[in-house]
Amino acid sequence: WSHGDDEVFTSEQAVEWFDLEGIGTSPARLDLKKLSHVSGRHIAMAKDAALLIEIDAFLTATGEKPLTQTQRDGLSRAIRYLKNRAKTLTELLDKVHFILTRRPILPDRTSARSLNSASRDMLCDLTPHLQNAIWERETLEHLSASIAERHGMGIGKLAAVLRAALAGRSVTPSVFDMMLVLGREETLARLQDAASG
């Protein structure tokens with residue numbers, strides 16, 4: 001069954017639109033690429049609160065530990081930044097790993113290479129500027145760029161260091177999104193942990 005060119009629709013729309021004339025004669029097939037696309041669209045369209053309920057149900061169904069209240073609060077802050085970038089709940093949970101993990105952050109092998117003495121010096125230089133900064137994306141980007149420049153590096157190099165410090169991974173959401181979600185206190189604590197090595 002199909003409804004014209006519409007691939008993504010709500011359950012209510014499916015009930016309203018369904019009719020026997022829409023049933024085709026060609027055999028149905030499971031297109032995993034299309035399924036992934038449709039899943040991602042539904043995740044992006046979902047209300048944040050409804051998505052949290054789905055994540056709880058998913059964790060229960062897969063035998064994972066339920067979220068703590070702290071994790072739930074962090075996920076509530078993070079979900080709006082990340083739900084447009086995930087095609088499955090597993091992928092979404094992977095993207096919010098930084099908020100679900102606790103200090104001390106243990107960097108994986110790849111991100112650990114970013115944390116050397118020069119990058120730790122950069123974190124020591126950046127941290128005091130962040131302590132009293134206005135906690136908004138533009139300010140965080142500007143401060144980070146100026147510190148990177150002062151150390152003769154591009155913002156990309158500093159971003160790798162921040163990823164290692166904040167998430168312990170080399171592939172993460174935007175470092176500035178992570179900082180906004182984590183908040184000033186947790187961000188500074190993770191940066192100080194990484195700087196002290």
Which ones in the range 114-125 are more than 23 Å from the chain's Cα centre (by Cα) and either under 20 Å from R103 (Cβ atoms) or part of a helix (DSSP H, G or I) (or both)?
S117, A118, S119, R120, D121, M122, C124, D125
Yes or no: the range 168-183 includes at least one residue that is closer than 26 Å to S76 by Cα and without any contact (Cβ under 8 Å) to a residue 24 or more places away in the chain.
yes
Restricting attention to helices (runs of 4 or more DSSP H) lying wholly within the range 127-197, give those where 3 or more residues are of a type in the set (A, V, I, L, M, F, W, C) and open to solvent by 10 Å² or more (accessible area, probe 1.4 Å).
155-166, 175-196
Determine the pairs where a residue that is in contact (Cβ under 8 Å) with a residue 12 or more places away in the chain, located within the range 109-126, has a partner that is outside any helix (DSSP H, G or I) and open to solvent by less than 10 Å² (accessible area, probe 1.4 Å) with Cβ atoms under 9 Å apart, the partner being 6 or more residues away or on another chain.
S111/A167; S111/G168; A112/G168
Every residue from the range 148-171 that is β-branched (V, I, T) and modelled with pLDDT of 95 or more
V161
Testing E12 on (1) farther than 25 Å from M178 by Cα; (2) open to solvent by less than 50 Å² (accessible area, probe 1.4 Å); (3) not in a loop (DSSP other than H, G, I, E, B), one condition comes back false. Which one is that?
(2)
With respect to D31, determine if the residue is under 21 Å from the mean Cα position of the chain (by Cα), charged (D, E, K, R) and surrounded by 10 or more Cβ atoms within 10 Å (Cβ to Cβ).
no
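The values are calculated or read from the model by the stated rules, or taken from the named source; none is laboratory data. Since this is a predicted model, take the numbers as computed values, not measurements. Counting neighbours? That spans all protein chains shown, and the Cβs are built from the backbone with ideal geometry, glycine included. Accessible surface is based on the protein model in full, side chains and every heavy atom, while ligands, DNA and RNA are left aside. Shrake-Rupley method; radii C 1.70, N 1.55, O 1.52, S 1.80 Å.
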